[in-house]
Structures are given as C-alpha cells and as structure tokens.
Amino acid sequence: MKALCPALVAGAVLAAASPASANGRFPSAEQLVVEPGNPSHLAVQVTYGFIQTRDAGATWHWTCEDAAGYGGVLDPPIALLDQGVLIAGVFDGLVVSSSDGCTLGFVPGELEGRFFVDVSASKVDARRAIAVSSNGLGGNQFDTRLWGSDDTAATWTQRGASLPSDFLALTADAAPSNEQRIYLSGFVIQSSSNYVGSLARTSDGGQTWEIVDIPGSSNATGPYLAAIDPSDPDTIYLRLEGDLGELLVSHDAGDTWQSVFTATSQLLGFALSPDGSEVRVGSETDGIHGASTSDLTFSQVSTLGVRCLTWSDDVLYACAKEADAGFTIGKSLDKGLTFLPIHHLQCLSGPDPSCVVGTSVADVCPPSWTVQKQTLQTDLCESGTSSSTGAGAGGGGTGDDGGEDEGCGCSVPPAKRRAVPGVALGVLGLVVALMRRRPRRAAGDHREGSTRSLRPPRLDFSFTPTISTRKPRPRP
C-alpha cells in the first residue's frame, strides 16, 4: 500500500478542523444505502445533505439539505427504492425524490406535517417501503403511526392501528420472510424523566400491536433495530445507544434478549450478510469485528474506525473519517479485511449538472455549494482524478481483488487553510438529541425544528413543481 496523498491528508485535516458551514457540524457520512438491483447506485446521508453515485463511486453528486426540506442537526433516515427513488424522513413529513434525484418534495395529504423518524425499504419487493412517524401531543403523549407504500413511494396509507399514545418510535423494519411481521423499537414514556426501552411488534401488518420491554434500555441507552434475519422473523438484532454501545439478539421475537457484543464507544456500524450467516459490527474505536450468526463469537477483522456499515451482495461498505482512514466511503470484497476507497471527502462533484432549471437541486443547491465546497476543500480534486481513486483504507490495508491501491487520486499541491464562515450549533432539545443518527435517535413534537430556508414542494409526481419560498416556521 502506498503512502497517503499529502494534499488529500492536508485537506482532510482542514475539513475536520472547520465545521460544515450549513449547520456547524463536521463533514461526516452517517448512513449508506444501495438501490435494490442496481449496485452502482449508492446514496449516503451525510451531515451536510445527501450524496449519491450512479457509477459505483466514480463520481459523486450532492443534494443540499434545503432541497430536501430540512436543516440544523437532523440526520434524516433514508432508503432507496425501485428505479432509484430516494425517500427520507424529516421534521415536516416524508420526502420523496424523482428517479434521477433532481426533484424532491413532500408526500402530500395526511403525511404532511408529521415527523418521520424512520424509513425502511422492503428486502423482498423494491417497490414497497414502510415509514414511521411520531409527533408529540403534550403531556408525554405521542401520535405514532406506521405507513406503507406498494408503488415506489407514489402513494402512502396508514398501516393498521396507531400505536399506544405512550409509545415513542425510533426505528422500524419488516421481516423479509414475512412482511406482516413488523417491529418498531422505541420508548414507552412513563414520565418526562423515565423512558423505558421497548419493542412494538405486530404479526398482522399493524392491525394489532404488542409492546414488550427491552432489558437494559432506558433514557441513555435507546434501542435501535439493526436487522431481522432474512429467513427467521423471530430473530432480531438490536443496538443500544450509549457511550458503550451494545448489540443484543433475540430469537423469540423480543421475548428474551442476549447481549453478544459491547463496544468501547458508540456502536455506529452494523451489517448482516444477505444470507444471514455472518455479522459485522464496528465503532470509531474498536474497528470492525465479525462473527458467524451460528455462535456470535466476535473477533476483530479490521482496525478501521467506522461510522456505518452496509452489506449488499458480496460487498461490505463502510463510512469512515477521511482524516483517520484516508477515505470517507470504502468497499470491501473480503468481508471487511481490506477496503478500497470509493469516495474522498474532497472529491465531491457538487450538485448534479444534469439537473435542469426548475428542479429542486438545480434551483436550490448551487448557492450553498459555493460555500460547502470551501469547507470540503474540493479544489484538491478538481484537477485530479475520480473520487474512487486514491490512497488509504485503514485497518488491514487496501485492495481490490487483492491488488494494492495505486496511490493518490488528487494531483494538486497541499491546500492552504481557508477561513470558512462558522455557524454555531443551537440547542434543539431532546428531540434532536434523540434523532441524531449515531445511531438514529428521535423524539417528540418537533417537526418545527427545521432550519431550512426553502421548503420543497408537495409532490404531484409529475416532478415539475414550483419551489415555495415560504419562510421556515420558528422552533418551539
């Protein structure tokens, strides 16, 4: 493996030293999803919007937060559906993109104004998805509902009955082998200071719900669904939030739980192999650990510090800190032993130039990009090669089919430090603390916490809407 490109390392350090101007947070990748049936299309939720590649990492384009109707410190959950349609849950509703990603807007009607805390694509049919909303009613009561779409997010309906009013949802997923079996993780709110980690489950698509406690999960250790076994709807993997993140597994639909891994920091990464036979977990301090699901005996496979893991077909993807790992997004073809960089922080190409005037991305994102590119130090790659070339993978070396990385992908001199406008972080209260996707957390009535400057249009699925310039509502 060759040494890291000095210019790239310098840029990564500067980017880490300067907060992203959009919301005061350091640039970071938080969640990666793959389009079903199209492994060349990846979407990543980052702390400054969304980035997507449609050519397996050769080029990456940016969708700004304003185009998707959110801002501040929210990390919206995302999913990719058939034809490349992206869905995202934000404070003010459920955002859906056009297939080309150029236009985004809120699903109209009953979903508008609801805080969507999680979205999940079907593992069986790429046209299907579920989403869960939780809105505060006051007095520690919540309006929590499950929604579903069977037509690639074109139409949505409530699935079954609303959840009990003391239940606050955090994550949702349907069992691949039986999509009538759906789980929601969250809290039963007993008082403003007493949150009991709980699992809501249904075997009839949401018509009836049963809620059971999750041992060891409370205010500071929120429960987040990690995966459901592809062939056994009773086997659930779940992460507990906390300074020492923990992985739990249940083989009886949540009646009992076993702790199988404890991290030395937040457990940000989890990936289950497509056949359910292996699992990978990771944090920024522990590297990546792996185990067979037959015994769940973990051992370290890489020292790479990770912020997300995704296993799709025979590829394991990882999000990492550029300054530490030498890449922001990497892929492994050997189950996590080595990683090949496919995206560098500095090698983002900005808004997709194929998006024409009249689309969300073309109309809203270019002004923001002028500042964002300075924060990311993108000049390091504007004269270089593609995003997917470059050195550095951390934790066990790099390689693609066993070969060494060919070196630096940015053929420019080291960058000089620039002054980047800083934006102070606001205190958004409990909801934002819970919604931060480290892993995802959510709470309360909080759809008014967005700091966007432009609100996306309501969707009419002709994808030629007019952007509204209605000012954002004040935070409560």
* Structure fact -> Restricted to the range 336-352 and to residues being out of contact with any Phe, Trp or Tyr (no Cβ under 9 Å at 6 or more places or on another chain) and either under 29 Å from V364 (Cα atoms) or of a type in the set (S, T, Y) (or both), the residue surrounded by the fewest Cβ atoms within 10 Å (Cβ to Cβ) is T338
* To do: Provide a single number: the residues in the range 290-335 that are within 23 Å of E246 (Cβ to Cβ), among the small types (G, A, S) and surrounded by 18 or more Cβ atoms within 10 Å (Cβ to Cβ).
  => 6
* Report yes if some residue within the range 253-268 is under 22 Å from the mean Cα position of the chain (by Cα), of a type in the set (G, A, S) and buried (at least 20 other Cβ atoms within 10 Å of the Cβ); otherwise report no. => yes
* Do we have D363 as closer than 18 Å to C64 by Cβ, at pLDDT 95 or above, out of contact with any Phe, Trp or Tyr (no Cβ under 6 Å at 6 or more places or on another chain) and surrounded by fewer than 22 Cβ atoms within 10 Å (Cβ to Cβ) here? -> yes
* Qualifying position, being within 14 Å of D173 (Cα to Cα) and touching a Ser or Thr at 6+ places or on another chain (Cβ under 7 Å), among L240, L248, L244, L199 -> L199
* **A200 being surrounded by 22 or more Cβ atoms within 10 Å (Cβ to Cβ) and under 17 Å from D125 (Cβ atoms)** => no
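If I go through the range 158-183 residue by residue, how many of them are charged (D, E, K, R) and farther than 24 Å from S218 by Cα?
Start the filter on the range 158-183 by keeping residues that are charged (D, E, K, R), which leaves 159, 166, 173, 179, 181.
Next, only the ones that are farther than 24 Å from S218 by Cα stay: 159, 179, 181.
So the answer is 3.
Return the only residue of S185, S177 being under 19 Å from W257 (Cα atoms) and of a type in the set (G, A, S).
S185
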* To do: Answer with yes or no whether A79 is among the aliphatic types (A, V, I, L, M) and without any contact (Cβ under 8 Å) to a residue 60 or more places away in the chain.
  => yes
* Please indicate, with yes or no, whether at least one residue in the range 73-80 is small (G, A, S) and more than 19 Å from A362 (Cβ to Cβ). => yes
* Out of the residues in the range 219-244 that are closer than 25 Å to Q300 by Cβ, out of contact with any Lys or Arg (no Cβ under 6 Å at 6 or more places or on another chain) and in contact (Cβ under 8 Å) with a residue 60 or more places away in the chain, state the one that is surrounded by the fewest Cβ atoms within 10 Å (Cβ to Cβ). => D229
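If you scan the range 63-77, which residues turn out to be within 15 Å of V132 (Cα to Cα) and touching a Phe, Trp or Tyr at 6+ places or on another chain (Cβ under 7 Å)? Give the steps one after another, and end with the answer.
Restricting attention to the range 63-77, the residues satisfying the condition of being within 15 Å of V132 (Cα to Cα) are 76-77.
Passing the criteria: only P76.
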* Asked: Just wondering, is there one or more residues in the range 248-269 that are acidic (D, E), touching a residue at least 12 places away in the same chain (Cβ under 8 Å) and touching a Phe, Trp or Tyr at 6+ places or on another chain (Cβ under 7 Å)?
  -> no
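Name the single residue that is nearest to the chain's Cα centre (by Cα) among those in the range 239-250 being part of a strand (DSSP E or B) and not small (G, A, S).
Step one: of the range 239-250, the residues part of a strand (DSSP E or B) are 239-240, 246-250.
In the following step, the residues that additionally are not small (G, A, S) were identified as 239-240, 246-249.
Working: R239: 15, L240: 17, E246: 19, L247: 18, L248: 20, V249: 22 Å.
Of everything passing the filter in the range 239-250, R239 is nearest to the chain's Cα centre (by Cα).
Suppose the filter is modelled with pLDDT of 95 or more, of a type in the set (S, T, Y) and out of contact with any His (no Cβ under 7 Å at 6 or more places or on another chain); does T303 pass it?
Values: modelled with pLDDT of 95 or more: yes; of a type in the set (S, T, Y): yes; out of contact with any His (no Cβ under 7 Å at 6 or more places or on another chain): yes.
When the stated conditions are applied, T303 passes them.
Return the total of residues in the range 24-39 being at pLDDT below 90 and surrounded by fewer than 19 Cβ atoms within 10 Å (Cβ to Cβ). Explain how you work it out, then say what you get.
Let us first name the residues in the range 24-39 that are at pLDDT below 90, namely 24-28.
Cutting the leftovers down to surrounded by fewer than 19 Cβ atoms within 10 Å (Cβ to Cβ) gives us 24-26.
The number of residues fulfilling the criteria is 3.
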* Residues satisfying the stated conditions in the range 215-237, i.e. hydrophobic (A, V, I, L, M, F, W, C) and under 19 Å from A175 (Cα atoms) -> L225, A226, A227, I228, I236
* Which residues, counting only those in the range 317-353, are farther than 17 Å from F26 by Cβ, assigned to a loop (DSSP other than H, G, I, E, B), touching a helix residue (DSSP H, G or I) at 6+ places or on another chain (Cβ under 9 Å) and among the small types (G, A, S)? -> S349, G350
* Whichever residue in the range 269-283 is of a type in the set (A, V, I, L, M) and under 18 Å from the mean Cα position of the chain (by Cα) and, among such residues, is surrounded by the fewest Cβ atoms within 10 Å (Cβ to Cβ) -> L272
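May I ask you to say which residue of I182, I214, I189 is more than 21 Å from the chain's Cα centre (by Cα), buried (at least 17 other Cβ atoms within 10 Å of the Cβ) and closer than 17 Å to G254 by Cβ?
On the way: I182 fails: more than 21 Å from the chain's Cα centre (by Cα); I189 fails: closer than 17 Å to G254 by Cβ.
The match here is I214.
The values are calculated or read from the model by the stated rules, or taken from the named source; none is laboratory data. Not measured: the values here are computed from a predicted model. Ideal geometry is used to build each Cβ from the backbone, glycine not excepted, and the neighbour counts take in all protein chains shown.
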